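The next block holds one structure in the form of structure tokens; read it before the comments.
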Amino acid sequence: MYKSNQLVKIFHGPQHPGITGNMSVELDLDAETIVNATTHVGYLHRGFEKLVERRTIPQAFTIVCRICVPAPAPNEANFARGIENLAGIEIPEKASWIRTMVLEMQRITAQFLWMAGQGGSLGLYVNPQWAVADRDFMLDLFEELTGGRVYHMYIYPGGVRRDLPDGFLDKLSALLDYYETRLPEYDRVFFNNAVFKKRAIGAGIVDPSTALKYGITGPVLRAAGYQKDVRKYAPYEKYSELEFDIPTATESDVYARAMVRREELVQSFRILRQIIQRMPKTGDYQVKLKNHHQFKIPTGETWVRTESARGEFAYYMASDGSEYLRRMQVKGPSMVHAMSLLETVLKGAQLADVAMIMNSLGTCPPEIER
Amino acid sequence: MSFIDTDLQPRFPNREFTVDAQGIIKTETNTAELLGLISRFHNESGFELLDTISCTDWIEEGVLHLNYILYSYQHNQTLFVKVKLPRELKEDGTKRTVAELPSVSSIWPQAEDFERELWEMFGVNVVGHNDLREFFLEDWQDLPPNRRDFDTLKFVNDHFEFRVGREDAKSVAEERKRLKELRDMEKAKLSGETE
């Protein structure tokens with residue numbers, strides 16, 4: 001018999017439109033309103049951290065990119081920079097410029113993937129189709145540069161794996177021109193869409209007063225009014241030499257985060273244009289490492305951070321003097337965004353908004369469960 | 001004047017701080033002082049954020065090295081608060097350490113998830129935590145898997161089978177060696193013929 005004051009418990013996931021990968025949220029519902037939410041992970045655990053402990057550095061390098069599907073490059077960059085810190089390797093100038101370029105290209109692909117997911121979670125299906133198609137043009141360039149579309153295995157300890165192909169920068173420049181013509185179109189169908197505005201404004205508000213302390217990073221933090229970006233406060237590679245702005249908003253809702261991400265896309269174009277101008281024509285792109293069985297890393301520990309499109313990606317690495325790492329610990333933004341933050345934000349939200357909020361917070365289960 | 005001289009040392013006169021090549025400040029403490037010390041770093045020195053808790057198993061020394069990685073946006077400084085926790089497990093079959101680690105989730109709610117992972121993956125006996133339940137693993141009865149003495153290969157052989165048709169899967173190194181020998185033989189044969 002129906003009792004009006006009874007809560008209904010449902011499992012949202014593990015497959016749903018909100019995110020890349022599998023994760024479920026256990027919801028206690030009072031009609032359509034969420035009273036309590038608990039995140040459950042464990043559908044994707046692959047034990048990468050353990051696998052890395054049993055592999056030499058070049059062997060381990062091929063699996064770190066698989067930690068996060070939408071953004072493999074920050075993982076490669078963190079791993080490479082961590083090894084370089086531990087082994088005391090200086091990378092060539094050109095390698096550093098290429099890395100910065102790849103990281104920024106990766107941020108663009110991740111923003112397009114977010115845009116696709118955000119549209120999909122609201123039933124605005126033009127957006128996913130356009131965004132995935134536009135992302136594919138960048139993947140074509142990745143394929144030309146690295147041989148891989150999604151997992152590049154390109155940013156390598158000591159530099160990058162290959163030099164730029166002939167005419168690559170011209171192609172990149174042409175693609176940026178195309179993207180710039182596309183943005184007004186996206187504004188028309190998505191960012192200025194009345195349906196999106198109506199659903200997103202005022203939804204999924206993250207409390208700005210606790211945002212810094214609770215470890216929230218990336219666009220979610222910036223939409224809460226904090227101008228914080230790893231590329232500015234702990235610059236790596238060539239970011240300190242480039243000009244770009246950190247967009248912020250104060251509303252801290254789904255719409256504010258969307259607009260921050262849109263502006264970040266524009267800033268990524270701006271950064272890439274500068275890189276195209278300043279990319280060294282000649283020079284080495286890598287330092288030769290020793291044979292992987294002789295490449296022993298001195299005992300030590302390091303902590304490296306990269307700004308991915310979804311927030312701060314950080315690695316803790318410890319070495320014990322052998323050719324294997326003693327420990328590599330990954331901390332992606334989702335460890336906070338999909339767990340303690342999502343559980344808080346979902347309280348009081350509507351069932352229909354769960355996917356939209358998850359996507360807006362930039363949750364990515366593969367990187368929680370690495 | 002560095003941040004340590006101007007800020008940390010006056011507040012913590014008896015504490016030793018070191019800085020590594022990357023500029024990360026490090027200090028070591030024990031489990032008894034941990035909670036008090038870390039909340040002072042949080043409340044007095046502006047380390048508002050707990051980024052993560054890293055754990056490394058140094059089986060040779062019999063300790064788990066824990067790093068509470070704190071960050072201060074205000075001062076743009078990273079601080080490692082180090083704790084060495086004896087890795088010895090209890091004998092009651094729970095597979096958790098004898099040594100107890102106080103939870104810092106009263107200061108940072110996200111620490112709950114970091115500690116749940118330590119509890120599950122390294123068998124750290126976290127005390128004062130509200131919600132210690134399984135995280136990634138399901139009905140796990142074995143040794144916590146991120147400990148160095150957990151034998152991955154044995155676990156795989158005990159729990160999984162080779163896919164049908166892969167029983168003769170050869171070691172890649174041996175197979176390459178065999179192919180190289182074949183090639184060398186053919187080369188030798190060819191050069192013999194030309195002579």
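Where a number appears in this text, it was derived from the coordinates with a stated rule and is not lab data. Being a predicted model, the structure only gives us computed values, none of them experimental. Glycine also receives a Cβ, built like all others from the backbone with ideal geometry; neighbour counts cover every protein chain displayed.
Which entries of A:Lys296/B:Lys90; A:Lys50/B:Lys180; A:Lys50/A:Lys296; A:Lys50/A:Lys281; A:Lys290/B:Lys180; A:Lys197/A:Lys347 have Cα-Cα distances beyond 29 Å here?
A:Lys296/B:Lys90; A:Lys50/B:Lys180; A:Lys50/A:Lys281
Dipole size in debye (nearest 20) for the stretch A:258-322 around its Cα centre, Lys and Arg Cβ +1, Asp and Glu Cβ -1?
Value, rounded to 20: 360 debye.
With unit charges on the beta carbons (Lys and Arg positive, Asp and Glu negative) and the dipole taken about the Cα centre of the protein assembly as shown, which residue among A:Asn127, A:Leu351, A:Leu145 sits farthest to the positive side?
A:Leu145
Taking Cα atoms, how many degrees apart are the long axis of helix A:126-146 and the longest axis of chain A, rounded to 10 and kept between 0 and 90?
Roughly 10 degrees, rounded to the nearest 10.
Can you compute the charge dipole magnitude of the stretch B:3-138 about its Cα centre, using +1 on each Lys and Arg Cβ and -1 on each Asp and Glu Cβ, nothing else charged? Give it in debye, rounded to the nearest 20.
It comes to approximately 280 debye.
In nm, to one decimal, how far is the modelled label at B:Lys90 from the one at A:Gln6, with both set 7 Å along Cα→Cβ?
3.9 nm
Pull up the cross-link candidates among the aspartates and glutamates for B:Lys82, meaning alpha carbon to alpha carbon under 13 Å and not fewer than 8 places away within one chain.
A:Glu301, B:Glu16, B:Glu28, B:Glu33
Kirkwood hydrodynamic radius of the stretch A:76-178 from all distinct Cα pairs, in Å?
Evaluated over the stretch A:76-178, this radius sits at 14.9 Å.
Test of the criteria: in the stretch A:21-128, which GluC sites (Glu not before Pro) are in a DSSP loop and have at most 13 other Cβ atoms within 10 angstrom of their Cβ?
A:Glu32, A:Glu90
Quickly work out the B:Lys154-to-A:Glu185 label distance, labels modelled 7 Å from Cα along the C-beta direction, and quote it in nm with one decimal.
6.0 nm
Hey, got the average number of other protein chain Cβ atoms within 10 angstrom for residues in A:313-320?
Whole-number average of other-chain Cβ neighbours for A:313-320 is 4.
If you take each beta carbon of peptide B:104-115 and count the beta carbons of other chains within 10 angstrom, what is the mean?
Average per residue, whole number: 4.
Of A:Thr33, A:Pro74, A:Val189, which is farthest towards the positive pole of the stretch A:8-369's charge dipole, taken about the Cα centre with +1 and -1 on the beta-carbons of Lys, Arg and Asp, Glu respectively?
A:Pro74
Work out, in µm²/s and without decimals, the Stokes-Einstein translational diffusion coefficient of the stretch A:8-369 at 20 °C, 1.002 mPa s, Rh from Kirkwood over C-alpha pairs.
The estimated diffusion coefficient comes to 103 µm²/s.
Take B:Lys84, A:Lys238, A:Lys290 and order them by how many other Cβ atoms sit within 10 Å, fewest up front.
A:Lys290, B:Lys84, A:Lys238
What is the distance, in nm, between label points placed 7 Å from the Cα along the Cα-to-Cβ direction at B:Ile59 and at B:His75?
3.8 nm
Would you mind finding the longest exposed-site-free stretch of chain B, with exposed chymotrypsin sites (Phe, Trp or Tyr not before Pro) meaning DSSP loop and at most 10 other Cβ atoms within 10 Å?
That would be B:1-159.
Work from the charge dipole of the protein assembly as shown (Cβ charges, +1 for Lys and Arg, -1 for Asp and Glu, about the Cα centre) and give the residue of A:Tyr214, A:Pro280, A:Gly158 farthest towards its positive end.
Farthest along the dipole direction, towards plus: A:Pro280.
Set the Förster radius R0 to 51 Å, insert the Cβ-Cβ distance between A:Ser173 and B:Lys82 as r into 1/(1 + (r/R0)^6), and round the FRET efficiency to 0.05.
E(calc), rounded to 0.05, equals 0.60.
From the C-alpha coordinates alone, can you work out the Kirkwood hydrodynamic radius of the stretch A:196-287, in Å?
14.8 Å is the Kirkwood radius here.
State which helices in chain B qualify, where a helix is a whole DSSP H run, it must extend 18 Å or more along its own axis by its Cα atoms, and its mean Kyte-Doolittle hydropathy must be at least 0.0.
Both cut-offs are met by B:31-44.
Per residue of the protein assembly as shown, what 222 nm ellipticity follows from adding -39500 (n - 2.57) for every DSSP H run with n ≥ 4, rounded to the nearest 500?
-12000 deg cm²/dmol
At q = 0.16, 0.19, 0.22 Å⁻¹, what is the log10 ratio I(q)/I(0) for the stretch B:3-138, with the Debye formula run over Cα points and no solvent?
-0.83, -1.11, -1.40
Inside 10 Å of the C-beta atoms of B:48-59, what's the mean count of C-beta atoms belonging to other chains?
Rounded to a whole number, the mean comes out at 6.
Can you tell me the dipole magnitude for the protein assembly as shown around its Cα centre, using point charges on the Cβ only (Lys, Arg +1; Asp, Glu -1), in Debye to the nearest 20?
Magnitude of the dipole: close to 760 debye.
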